[in-house]
1. Restricting to region B:59-113, what's the tally of residues that are within 12 Å of chain A (Cβ to nearest Cβ), touching a residue at least 40 places away in the same chain (Cβ under 8 Å) and part of a loop (DSSP other than H, G, I, E, B)?
2. Any idea which residue in region A:7-39 is nearest to the other protein chains (Cβ to nearest Cβ), counting only those that are assigned to a strand (DSSP E or B) and among the β-branched types (V, I, T)?
3. For a quick check of your reading of the model, give me the residue pairs whose first member lies in region B:39-53 and is facing another protein chain (nearest Cβ under 7 Å) and closer than 13 Å to B:F88 by Cα, whose second is in a loop (DSSP other than H, G, I, E, B) and modelled with pLDDT under 95, with beta-carbon atoms closer than 6 Å and at least 6 apart or on different chains.
4. Need at least 2 residues that are more than 14 Å from chain B (Cβ to nearest Cβ) and without any contact (Cβ under 8 Å) to a residue 60 or more places away in the chain per element, so show me which strands (runs of 3 or more DSSP E) inside region A:40-115 make the cut, counting only ones lying wholly within it.
5. Checking the condition at pLDDT 95 or above, touching a Lys or Arg at 6+ places or on another chain (Cβ under 6 Å), closer than 24 Å to B:V91 by Cα and surrounded by 14 or more Cβ atoms within 10 Å (Cβ to Cβ), which residue from A:S61, A:S87 passes?
6. Please specify each residue of region B:12-58 satisfying the condition of being in a loop (DSSP other than H, G, I, E, B), within 19 Å of A:G107 (Cβ to Cβ) and of a type outside the set (D, E).
Amino acid sequence: DAGITQSPRHKVTETGTPVTLRCHQTENHRYMYWYRQDPGHGLRLIHYSYGVKDTDKGEVSDGYSVSRSKTEDFLLTLESATSSQTSVYFCAISDLTVPSYNEQFFGPGTRLTVL
Amino acid sequence: ELKVEQNPLFLSMQEGKNYTIYCNYSTTSDRLYWYRQDPGKSLESLFVLLSNGAVKQEGRLMASLDTKARLSTLHITAAVHDLSATYFCAVPPRSYNTDKLIFGTGTRLQVFP
């Protein structure tokens, strides 16, 4: 299994509070991704990173920010959590190398509940 | 904007039967990825299809890619209960930019005796 951990694994928080989720990898992969998974929507990309301090928005980035100060860590922050951000969050990593360009490997997920 | 559609969304099938899951996508791409997710678990990479006509097989699952038709199929042969899971296909949004993937909504497969 790819060395990807996410913390916390479960979190319950209240509307309006800040929340930070952490993704940590030991594979030295260049690319890291944050997705959310909701019933009926599959996986939707929130933000991704293509290198240290290099990030870009995905399709559902509103209300989220990210930071990557080290290759191994990618943080996802909800500045002021809302109930619509209740979801399961997955981190993924990849490296655009032969032979399987951008095969993404997923972390175990974080279940976030915003009350 | 790339759209990735899977059908069926839900499939209930009897053990021993064969069936095919379809993944259609709306823009040009020469690669496609299949993932499996067990309930409450993470996603596991199943197949990476990197060219037109690519075919990969693992046990009772076989995936193929037709880039001209913008279609991939995941064929299940003689289904067993252990194949019960949700299957996702994923496609890069542009053929020249593969650093992101757009996922289909998934096909939930349930295999019963």
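1. 8
2. Result: A:V12.
3. As it stands, the answer is B:S45/A:E103; B:V48/A:S100; B:V48/A:E103, since those pairs meet every condition given.
4. A:64-70, A:73-78
5. The unique qualifying residue is A:S87.
6. Correct list: B:P39, B:G40, B:K41, B:S42.
The values are calculated or read from the model by the stated rules, or taken from the named source; none is laboratory data. This one's a predicted model, so the numbers in the text were calculated from it and none came from an experiment. Note that each Cβ is placed from the backbone with ideal geometry, even for glycine, and that neighbours are counted across all protein chains shown.
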